[in-house]
Amino acid sequence: MSPATEPASGAVLLDTFGRQAEDLRISLTDKCSLRCTYCMPAEGLAWLPAKAVLSDDEIIRLATVFLGLGVRTIRLTGGEPLVRAGVAGLVRRLAGLRPRPELSLTTNAISLADKAVELARSGLDRVNVSLDTLDREKFHNLTRRDRLADVLAGLEAAQQAGLRPIKVNAVLMREQNLAEAPQLLSWALRAGYQMRFIEHMPLDAEHLWTMAGMVTADEVLSVLGQSFQLRPVGHRGHAPAEEFEVLDGPGRAGWAPAPQGGYRVGIIASVSRPFCRDCDRLRLTADGQLRTCLFGHQETDLRAALRDGASDQELAELIRQAVRAKPAGHGINAPGFRQPERPMSAIGG
């Protein structure tokens, strides 16, 4: 990957709290090939009509504007981004932009085995894979699909294709898979994946999330601490995951060779340990709405401006205005917090 060049003087996205936005998440679709119980109902959702979804050309146009404003990294998300046709071609076009962004993709890996090589050749740098359990029956119950073997094959294909580091994200739930956290970490250490545990966030389609029902970072660390010796790494910069060095644990001799920086596990605690003051992320939904906070209610309609003939300068100013209005924090722990109407699948992670 060629390093991104510095943006022109003044061409950066600063909010009123001094945070600079450099990380853009672009959702390619709100559709998904799984039906995870903590995300959406079994029958799925009312998907966006095709005409509402940004085209490849529109995504490239907006990405070009964002890169000119100092964005350095682009992650393709969904829904499940690989449900969209022609993703490798879009990756190739994004990789050809200058300054060249770091390109990653968040996927459930159901179809990754067939696409990993093409994605890597097209310019994708790495992948994040969502996987909550290694137990086939439990996977079936959680996702309503019997596809664990496909996910594991997708992970192996991504590794062989050189899409590294591979980060595996697991949402833990107290009665379903919390006790499996040590097994997941042991498996990741053996395979050479970076394991990250994520607090269940208030972004489910049916609005059933409760603070009391959520597994916190402290609970995860308590469970892991029964099997592993962990040490906090320290300041994480803009990264959402708080990292812990894994000093020792079961099966230590069978772990994959240690990456630079040593063996690590990450905890993404958006609710119990907010990291809003260091947030550098923006999100573009599949239908072209810019969101400056994952849990916010404000959206800026870039699709309408784009299709109404706005110039790059006008689009850039809309983006600047949205970023300037970014709130100090998500407010989940504040009185009166309301869950966003859109679920995670419609926003893009």
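The values are calculated or read from the model by the stated rules, or taken from the named source; none is laboratory data. This one's a predicted model, so the numbers in the text were calculated from it and none came from an experiment. Counting neighbours? That spans all protein chains shown, and the Cβs are built from the backbone with ideal geometry, glycine included.
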In region 244-300, which residues are surrounded by fewer than 16 Cβ atoms within 10 Å (Cβ to Cβ), over 19 Å from Leu230 (Cα atoms) and among the acidic types (Asp, Glu)? Asp278
Among (1) within 13 Å of Val65 (Cβ to Cβ); (2) outside any helix (DSSP H, G or I); (3) not acidic (Asp, Glu), there is one condition Arg320 misses while meeting the rest; what is its number? (2)
Tally time: how many residues in region 255-314 are in a strand (DSSP E or B) and more than 22 Å from Leu54 (Cβ to Cβ)? 5
Could you say whether any residue in region 61-69 is assigned to a loop (DSSP other than H, G, I, E, B), modelled with pLDDT under 95 and either of a type in the set (A, V, I, L, M) or within 18 Å of the chain's Cα centre (by Cα) (or both)? no
Every listed condition ((1) of a type in the set (Asp, Glu); (2) part of a loop (DSSP other than H, G, I, E, B); (3) modelled with pLDDT of 95 or more) holds for Glu58 save (2)
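Rundown of residues vs (1) more than 27 Å from Tyr38 (Cβ to Cβ); (2) touching a Leu at 6+ places or on another chain (Cβ under 8 Å); (3) at pLDDT 90 or above, yes/no style:
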{"site": "Gly262", "(1), (2), (3)": "yes, no, yes"}
{"site": "Asp280", "(1), (2), (3)": "no, no, yes"}
{"site": "Arg291", "(1), (2), (3)": "no, yes, yes"}
{"site": "Arg303", "(1), (2), (3)": "yes, yes, yes"}
{"site": "His330", "(1), (2), (3)": "no, yes, no"}
{"site": "Met344", "(1), (2), (3)": "no, yes, no"}
Can you tell me which residue is farthest from Ala188 (Cα to Cα) among those in region 225-241 that are surrounded by 13 or more Cβ atoms within 10 Å (Cβ to Cβ) and in contact with a Phe, Trp or Tyr (Cβ under 8 Å, 6 or more places away or on another chain)? Arg236
Of the numbered conditions (1) in contact with a strand residue (DSSP E or B) (Cβ under 9 Å, 6 or more places away or on another chain); (2) modelled with pLDDT of 95 or more; (3) crowded, with 18+ Cβ neighbours inside 10 Å, Lys31 satisfies every one except a single condition; which is it? (1)
Among all residue pairs at least 6 apart or on different chains, which show Cβ distances below 6 Å where the first residue, located in region 238-250, is touching a residue at least 60 places away in the same chain (Cβ under 8 Å) and the second is surrounded by 15 or more Cβ atoms within 10 Å (Cβ to Cβ) and hydrophobic (A, V, I, L, M, F, W, C)? Val246/Phe228; Val246/Val265; Gly249/Phe228
Considering only residues that are farther than 18 Å from Ile268 by Cβ, surrounded by fewer than 21 Cβ atoms within 10 Å (Cβ to Cβ) and under 22 Å from the mean Cα position of the chain (by Cα), which ones fall in region 169-191? Trp187, Ala191
From the residues in region 192-211 that are farther than 21 Å from Asp30 by Cα and over 21 Å from the mean Cα position of the chain (by Cα), which one is surrounded by the fewest Cβ atoms within 10 Å (Cβ to Cβ)? Thr210
Only one of Ala63, Ala52, Ala85 is more than 18 Å from Leu105 (Cα to Cα) and among the aliphatic types (A, V, I, L, M); which? Ala52
